[in-house]
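What follows is a short report on a single structure.
The values are calculated or read from the model by the stated rules, or taken from the named source; none is laboratory data. Because the structure is a prediction, the values reported are computed rather than measured. Cβ placement follows ideal geometry from the backbone for every residue including glycine, while neighbour counts extend to all protein chains displayed. In case anyone asks, the SASA skips ligands and DNA or RNA and just uses the protein heavy atoms, side chains included. Shrake-Rupley method; radii C 1.70, N 1.55, O 1.52, S 1.80 Å.
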Amino acid sequence: MASHIERRKFLATLGGAAAAWPLAARAQQAAVPVVGVLSAEWSNLLSNRLRAFHDGLRETGYVEGRNLAIEYRWAEGRNDRLPALAAELVRRQVTVIVSTSTPAVLAARAATTTIPIVFFVAVDPIQLGLVTSLSRPGGNLTGVVTLNVEVAAKRLQLLHELVPTATIVALLVNPTSTALAETTTRELETAARTMGLEFHVLHASSEREIDTAFATLVQLRAGALVIGADALFNSRSEQLAALTIRHRVPAIYQFREFVSAGGLMAYGSTVLDTYRPLGVYTGRILKGEKPADLPVQQATKVELVINMKTAKALALSIPMPLIGRVDEVIE
C-alpha cells in the first residue's frame, strides 16, 4: 500500500514538472534582447540622431518597448567616465553595444571582446585598430565611419575662401578625445602650411575650458576658427555659436545644429546618413548575423550649411562660388 502511495506522489510531481516546462519555455521565448547605448553626450541632446537610430531598428523589425529593451549610458561630456559605463553594460550582459563616438567605442572595445559592438566613428577604424578591413571587419566590431575628420582640411579651406584676409587661424579640440584631436590637428597643420597660414591649437575638455579657449583665441588675434569633431562640442553648439558671435570670429563645425544655434558654417556628414545604419546593423546582429561579416559603412554624403544672419552680423559677404555650393542657407 505504501509503495502505491509513493508511486502516485512521484507521478503527481512528474506531472507538475511537465506542466511547468512549457511555461518556462514560453517565458524564455518572451524574453526580449537588451541593447546597450554608450554615449559621451547628454541624453536630451541626441534626440534627432536617436530617432534615426530607431528608424533603422524598425526597418529590421525591432521596436523599443515592444520586442527590444535599450539601456542608455550617458557620459555627459566626461570621456573619463566611459570605461566605467562600458563595464556596466558588459556586467548587464547586453546583447549588443552601440557606441556613438570614437572615445565611446574605444572604451567598449577595452571592456569586451565577445559582445558585438556597433560603432559610429569619425576616424579611420583600421587606423584605430577596431577592424582588420572595412569589407571584412573580422572581430566583434562593425559600424559606420563618417567623413567628419577626413574633411577637416576642407573646412579650413572653406573658411579661408570666405575670410581670405585671415592669416591667423585656430583649431579647437578636446584633448581627452586623443584619436580625434591628434588626427584633426595633423590634417589641419598640413592644410594651414599649404595655405601659408599661421596655425594654433586650442584645447577644451569642459564648458569652462571652452570659455578659456576663446579668451586665448582673442589674444592670438585669430581671424578664423575650425571646431574639431567631438561629442562635447556637439553638446555645446549654442555656447560655441554664442562665443563666436560675441568675439566676432568666423567659425565652422561639422553639424547643422551649430548653424541652427547661430554659428556661421557647418560642413560634414548628415545625421540620417550615419545613425540609421547603426540601427539597421544592430537589428541584423540581433537576428543572428556576425559583426565580422558586416562591412563597415562609409558615410559619403556631406552638406554645407551657412547662417546668413550670422554672416551679416560678422560683416561677411559670401562669395558667389561658395553660395553655389551651399546645400542649405539659414536666414
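How many of the residues in region 31-61 are open to solvent by 30 Å² or more (accessible area, probe 1.4 Å), farther than 16 Å from Tyr275 by Cα and at pLDDT 95 or above?
Counting residues in region 31-61 that are open to solvent by 30 Å² or more (accessible area, probe 1.4 Å), farther than 16 Å from Tyr275 by Cα and at pLDDT 95 or above gives 2.
In this structure, is Val249 under 17 Å from the mean Cα position of the chain (by Cα) and surrounded by 15 or more Cβ atoms within 10 Å (Cβ to Cβ)?
On the way: under 17 Å from the mean Cα position of the chain (by Cα): no; surrounded by 15 or more Cβ atoms within 10 Å (Cβ to Cβ): yes.
Here the answer is no, as Val249 does not meet what is asked.
Which of the residues that make up region 62-99 are over 23 Å from Ser177 (Cβ atoms) and surrounded by fewer than 18 Cβ atoms within 10 Å (Cβ to Cβ)?
Within region 62-99, Val63, Glu64, Gly65, Arg66, Asn67, Ala69, Glu71, Arg91, Arg92, Gln93, Thr95 meet the criteria.
Answer with yes or no whether Ile285 is open to solvent by 10 Å² or more (accessible area, probe 1.4 Å), within 18 Å of Leu57 (Cα to Cα), β-branched (Val, Ile, Thr) and not in a loop (DSSP other than H, G, I, E, B).
Numbers: open to solvent by 10 Å² or more (accessible area, probe 1.4 Å): yes; within 18 Å of Leu57 (Cα to Cα): yes; β-branched (Val, Ile, Thr): yes; not in a loop (DSSP other than H, G, I, E, B): yes.
Yes: the conditions hold for Ile285.
Keeping to region 90-120, report how many residues are more than 15 Å from Val37 (Cβ to Cβ) and outside any loop (DSSP other than H, G, I, E, B).
5
Quick test for you: out of Val169, Val121, pick the one residue that is at pLDDT below 95, open to solvent by less than 30 Å² (accessible area, probe 1.4 Å) and at negative phi. It would help to see each step written out before you state the result.
Numbers: Val169 fails: at pLDDT below 95.
Exactly one of Val169, Val121 is at pLDDT below 95, open to solvent by less than 30 Å² (accessible area, probe 1.4 Å) and at negative phi, namely Val121.
Only residues that are in contact with a helix residue (DSSP H, G or I) (Cβ under 9 Å, 6 or more places away or on another chain) and without any contact (Cβ under 8 Å) to a residue 12 or more places away in the chain: list them for region 82-126, please.
Ala84
For region 208-277, which fully contained helices (runs of 4 or more DSSP H) count at least 2 residues that are modelled with pLDDT under 95 and aliphatic (A, V, I, L, M)?
231-234
Return the only residue of Pro175, Pro137 being over 13 Å from Ala191 (Cβ atoms), touching a residue at least 60 places away in the same chain (Cβ under 8 Å) and in contact with a helix residue (DSSP H, G or I) (Cβ under 7 Å, 6 or more places away or on another chain). First the steps, then the outcome.
On the way: Pro175 fails: touching a residue at least 60 places away in the same chain (Cβ under 8 Å).
Exactly one residue qualifies, and that residue is Pro137.
For residues that are open to solvent by less than 40 Å² (accessible area, probe 1.4 Å) and in contact with a Ser or Thr (Cβ under 9 Å, 6 or more places away or on another chain), tally how many sit in region 108-118.
The qualifying residues number 5.
Taking region 202-224, which residues are out of contact with any Pro (no Cβ under 6 Å at 6 or more places or on another chain), in contact (Cβ under 8 Å) with a residue 60 or more places away in the chain and within 21 Å of Ala166 (Cβ to Cβ)?
Listed by number, the list holds a single entry, Gly223.
Which one of these is touching a helix residue (DSSP H, G or I) at 6+ places or on another chain (Cβ under 6 Å), open to solvent by 10 Å² or more (accessible area, probe 1.4 Å), modelled with pLDDT of 95 or more and assigned to a helix (DSSP H, G or I): Val280, Val201?
Details: Val201 fails: assigned to a helix (DSSP H, G or I).
Just one listed residue meets the conditions, Val280.
Restricting attention to region 187-198, and to residues there that are at pLDDT 95 or above, of a type in the set (D, E, K, R) and part of a helix (DSSP H, G or I), which single residue is farthest from Thr244 (Cα to Cα)?
Out of the qualifying residues, it is Arg193.
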